[in-house]
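Colleague: Sharing a structure here in structure tokens format.
The values are calculated or read from the model by the stated rules, or taken from the named source; none is laboratory data. From a predicted model like this one, the values you see are computed outputs, not experimental measurements. Positions of Cβ are backbone-derived with ideal geometry, glycine not excepted, and every protein chain shown enters the neighbour counts.
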Amino acid sequence: MFGVPTGHAIVGRGRDLTTGIEYAVKMRRGAGNVERRFTREVEAMRAASSPNVMPVIDVDPDGEWYTMPIARGELTPAIKGLSLSDREELALAVVRTVAHGLHSFHREGRVHRDLKPQNILWLDDDNGARWVVSDFGIARNAPGSTTADLTRQGNLVGTERWAAPEQHADAHSATPRTDVYSLGAIVGWIMTGELPTPVYVPLPSERYRTVVTRATRRAPGQRYPTVDDMLQAMERELEGVSGPLSTQLERLLTDPLDVKAFNDFALAHRGNGALFLPELRRIERSTVNTWFDADPEGMTQFAESMCDLLKDGQDVGGLQREGLRPPLLWLLDVLRHLVRRRRLDLAESLANALFTASGSLRSIPGRRRHRALAKGSVA
Ligand SMILES: Nc1ncnc2c1ncn2[C@@H]1O[C@H](COP(=O)(O)OP(=O)(O)O)[C@@H](O)[C@H]1O
Ligand SMILES: [Mg+2]
């Protein structure tokens, strides 16, 4: 037997009696829903057909089983004992596999919905040795065609750790960006060795940090639209186009500012005070406008992190007290912007962070203005 059997299927080894060739045989357990699911699974695998998708060799006319070539193993144990550069390469190989394997599948609006290390297998056959995407058991058809929910854990269609937030809420809302999320979680896991949870995705310390941050944003609209976009972002990083963080930030702060790219970078590295605090004043008011339109929550999160850094008084890029004025004024500007745009929920939360920050720094310039603003008199 291969892998761990789940409720609906079991995968074992079988031999073709005429040719003597051995195959992996996936056998159905149960009838009804499971039967429909099995038929759909084979249909989806054939529709996705790509060298990076597990091939289906033979299907039982009664829908009891189908056969595949035998894979060498799952992605799961492959990350053990790898060096950092090996991890970087493995993560890239896996994202490339999914980008190629699911390219046409995603273009048709279909979604795999269960990308995880147990469903990415190492296959060595006539087409060469490579990773393949497997187990299309809960794939979603294109919107418009009916998809009964065939596997549920509570409300969830997917596997808890790797599933995107929208899979917990409404499985029908899955889009290719749902697969982008799971893939982001897989990259985070490959790079850190840490398993994600439904509310936490481990972020790499540097390389791919921006990529994982963007791929696993809770709002699908904030993620990469396609796996190809995610792959390109990773390739750009590896080609060294990125360079050290300060160079990346320098490049991002050029005019006109690519707010989306800056947003992702800012959220991924917002724990880095030395990097951002001295540069905040260079992020102009017009940029704050565009940033707000693109992602008000993300912008506020970033601003709050900056407050926290000021409050903790940790390394803020060697800024002396006088040097703290520009970042504080910038944060105040962001707060004013939130009030003006009537996002009072976000404004309140940022105001709290700003008070705490200014409270822990004595004789802060502009402090009285914070108070005035909180009372609404400056807005
Ligand atoms: N072709 C194969 N060759 C070798 N092992 C396989 C193959 N297909 C699946 N497995 C193993 O069996 C496990 C379960 O198969 P999978 O198709 O993912 O079924 P399930 O729907 O039960 O998750 C996989 O995680 C993998 O370890
Ligand atoms: Mg599986």
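Colleague: Working only within region 36-56, note down all residues that are within 14 Å of ligand 1 (Cβ to nearest atom) and acidic (Asp, Glu).
Modeller: Glu41
Colleague: For the subset of region 41-80 comprising residues that are under 30 Å from Thr192 (Cβ atoms) and among the basic types (Lys, Arg), which member is farthest from ligand 2 (Cβ to nearest atom)? Steps first, please.
Modeller: Looking only at region 41-80, we keep the residues that are under 30 Å from Thr192 (Cβ atoms), and these are 48, 50-54, 71-80.
Retained after the next criterion (residues that are among the basic types (Lys, Arg)): 72, 80.
Working: Arg72: 16, Lys80: 20 Å.
Across region 41-80, the extreme among qualifying residues is Lys80.
Colleague: Which pairs turn up if I take residues in region 149-176 that are aromatic (Phe, Trp, Tyr) and look for partners that are outside any helix (DSSP H, G or I) and at pLDDT 85 or above with beta carbon separation below 7 Å, at least 6 apart in sequence or on another chain?
Modeller: Filtered contacts from region 149-176: Trp162/Leu115; Trp162/Lys116; Trp162/Pro196.
Colleague: Quick check on my filter: what residues within region 265-289 are in a loop (DSSP other than H, G, I, E, B) and not hydrophobic (A, V, I, L, M, F, W, C)?
Modeller: Here is the first cut: in region 265-289, the ones in a loop (DSSP other than H, G, I, E, B) are 269-272, 283-284.
If the condition is that a residue be in a loop (DSSP other than H, G, I, E, B) and not hydrophobic (A, V, I, L, M, F, W, C), then His269, Arg270, Gly271, Asn272, Glu284 are the ones that fit.
Colleague: Confirm whether Tyr23 is crowded, with 17+ Cβ neighbours inside 10 Å, away from ligand 2 (no atom under 16 Å from the Cβ) and outside the structural domain of Ser205 (by TED's automatic domain parsing). Reasoning before the result, please.
Modeller: On the way: crowded, with 17+ Cβ neighbours inside 10 Å: yes; away from ligand 2 (no atom under 16 Å from the Cβ): yes; outside the structural domain of Ser205 (by TED's automatic domain parsing): yes.
Yes: the conditions hold for Tyr23.
Colleague: Return the residue satisfying two criteria in turn: it lies in region 290-310 and is acidic (Asp, Glu) and in a helix (DSSP H, G or I), and of such residues it is surrounded by the most Cβ atoms within 10 Å (Cβ to Cβ). Give the steps one after another, and end with the answer.
Modeller: As a first pass, look at region 290-310 and keep what is acidic (Asp, Glu): 293, 295, 297, 304, 308.
Filter once more, keeping what is in a helix (DSSP H, G or I): 293, 297, 304, 308.
Working: Asp293: 11, Glu297: 15, Glu304: 21, Asp308: 16.
By that ranking, first place goes to Glu304.
Colleague: Then there is this: Is one or more of the residues making up region 95-115 at pLDDT 95 or above, within 16 Å of ligand 2 (Cβ to nearest atom), touching a helix residue (DSSP H, G or I) at 6+ places or on another chain (Cβ under 9 Å) and among the small types (Gly, Ala, Ser)?
Modeller: yes
Colleague: Is there a residue being in contact with a His (Cβ under 7 Å, 6 or more places away or on another chain) and not charged (D, E, K, R) anywhere in region 230-239?
Modeller: Step one: list which residues in region 230-239 are in contact with a His (Cβ under 7 Å, 6 or more places away or on another chain), which gives none.
No, region 230-239 has no match at all.
Colleague: Out of region 196-234, which residues are of a type in the set (Lys, Arg) and under 12 Å from the mean Cα position of the chain (by Cα)?
Modeller: Residues of region 196-234 that are of a type in the set (Lys, Arg), as a first pass: 207, 209, 214, 217-218, 223.
Scanning region 196-234 gives Arg209, Arg214, Arg217, Arg218, Arg223.
Colleague: Condition check: within 15 Å of ligand 2 (Cβ to nearest atom), crowded, with 18+ Cβ neighbours inside 10 Å and either more than 23 Å from Tyr208 (Cα to Cα) or of a type in the set (D, E, K, R) (or both). Does Met1 satisfy that? Reasoning before the result, please.
Modeller: Values: within 15 Å of ligand 2 (Cβ to nearest atom): yes; crowded, with 18+ Cβ neighbours inside 10 Å: no; either more than 23 Å from Tyr208 (Cα to Cα) or of a type in the set (D, E, K, R) (or both): yes.
So Met1 fails the test.
Colleague: Shifting gears a bit: Are there any pairs with C-beta distances below 6 angstrom linking a residue in region 1-22 that is farther than 14 Å from Asn119 by Cα and assigned to a loop (DSSP other than H, G, I, E, B) to a residue that is within 16 Å of ligand 2 (Cβ to nearest atom) and modelled with pLDDT of 80 or more, with the two at least 6 apart or on different chains, and if so which?
Modeller: Going by the 6 Å Cβ cut-off, the qualifying pairs are Met1/Gly12; His8/Arg29.
Colleague: Of all residues being surrounded by fewer than 18 Cβ atoms within 10 Å (Cβ to Cβ) and hydroxyl-bearing (Ser, Thr, Tyr) in region 60-103, which is nearest to ligand 1 (Cβ to nearest atom)? Just the residue, please.
Modeller: Thr76
Colleague: Return the pairs, sorted by first residue and then second, in which the second residue is surrounded by fewer than 21 Cβ atoms within 10 Å (Cβ to Cβ) and modelled with pLDDT of 80 or more, the first residue lies in region 304-315 and is farther than 15 Å from Leu346 by Cα, the beta carbons are less than 6 Å apart, and the residues are 6+ apart or on different chains.
Modeller: Final answer for the pair search is Lys311/Thr356; Asp315/Ala274.
Colleague: Moving on. So which residues in region 134-177 are modelled with pLDDT of 90 or more and under 17 Å from Ala44 (Cα atoms)?
Modeller: Ser134, Asp135, Phe136, Ala174, Thr175, Pro176
Colleague: Restricting the search to region 104-131, which residues are crowded, with 18+ Cβ neighbours inside 10 Å and not in a loop (DSSP other than H, G, I, E, B)?
Modeller: Phe105, His106, Val111, Pro117, Asn119, Ile120, Leu121, Leu123, Trp131
Condition check ((1) among the small types (Gly, Ala, Ser); (2) farther than 26 Å from Glu89 by Cβ; (3) out of contact with any Gly (no Cβ under 6 Å at 6 or more places or on another chain)) across all residues:
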{"residue": "Arg207", "(1), (2), (3)": "no, no, yes"}
{"residue": "Val211", "(1), (2), (3)": "no, no, yes"}
{"residue": "Arg217", "(1), (2), (3)": "no, no, yes"}
{"residue": "Asp229", "(1), (2), (3)": "no, no, yes"}
{"residue": "Ser246", "(1), (2), (3)": "yes, no, yes"}
{"residue": "Arg251", "(1), (2), (3)": "no, no, yes"}
{"residue": "Thr254", "(1), (2), (3)": "no, yes, yes"}
{"residue": "Asp258", "(1), (2), (3)": "no, yes, yes"}
{"residue": "Phe265", "(1), (2), (3)": "no, no, yes"}
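Colleague: Identify all residues within region 254-269 that are charged (D, E, K, R) and closer than 15 Å to Asp295 by Cα; write none if there are none. It would help to see each step written out before you state the result.
Modeller: First, the residues of region 254-269 that are charged (D, E, K, R): 255, 258, 260, 264.
Matches in region 254-269: Asp258, Lys260, Asp264.
Colleague: Among the residues of region 23-48, write down those that are assigned to a loop (DSSP other than H, G, I, E, B), in contact (Cβ under 8 Å) with a residue 12 or more places away in the chain and farther than 21 Å from Glu74 by Cβ. Write out each step before concluding.
Modeller: Of the residues in region 23-48, the ones assigned to a loop (DSSP other than H, G, I, E, B) are 29-32.
Retained after the next criterion (residues that are in contact (Cβ under 8 Å) with a residue 12 or more places away in the chain): 29-30.
Gly30 - this is the single residue of region 23-48 that is assigned to a loop (DSSP other than H, G, I, E, B), in contact (Cβ under 8 Å) with a residue 12 or more places away in the chain and farther than 21 Å from Glu74 by Cβ.
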